[in-house]
1. From the phi angles alone, apply the Karplus equation (6.51, -1.76, 1.60; θ = phi - 60°) to segment 76-87 and give each ³J(HN,Hα) in whole Hz, x where the residue is Gly or Pro.
2. Enumerate the amide H contacts of Arg92 below 5 Å, restricted to partners 5 or more residues apart or on another chain; note that Pro and chain-start residues carry no placed amide H.
Amino acid sequence: MLGLRKGACVRRCAVYILNRGFFKITDHYNIKDDQGQVCYRVDEDFKFFGHKVKVSDPQGQPLFEINRKLFKIFSEYQIKFVDGSQVTIKDRLSFFRRKVKITSPDYNLDLKGNFLDNNFALTLDGEKIGSINHKIFAIRDTFVLDVYDEDYEAVMVGLAIALDNMMDNEEAAD
């Protein structure tokens, strides 16, 4: 489902660690599971406008691409999977909380979190299917993903990358 190849990195409750580099002009990094095994490869290229990221499996086979849409009041991203499916991520701000709506033709997900502690819960029809935690006391940008439903694993990886870009844009605007 959603461009994800079932493989060695998928477990009942998978944990992934996304460590970004110091310099974010161009960035190439791996997303590893909690055992240190590479599960995804991320390639971000420099663009004057927008944000484009390509994500592949450990062997370099493309899985999905993330594009930030320009000229939007709130951040909006499109994830395009190699199987042709797509997901839209739309940022919504509310009082001291971040709300993100994830939509596809097949489902709607909600990501809710707190600006202060940067912990986010991902829900489907009110049921928690994962969490994304941004570690603020780390040398590098570090996100920990807890995936409770493997059908949404790739979406969560893309969502964490988009969330990181949203946070970077907010910091740059300050």
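Readers should treat all values here as calculations from the given coordinates under stated rules, not as data from a laboratory. Keep in mind that what you see is a predicted model, and the values were worked out from it rather than measured.
1. 9, 10, 10, 9, 10, 8, 5, 7, x, 6, 9, 9
2. Amide H to amide H, under 5 Å and 5 or more residues apart or across chains, Arg92 pairs with Lys99, Val100, Lys101.
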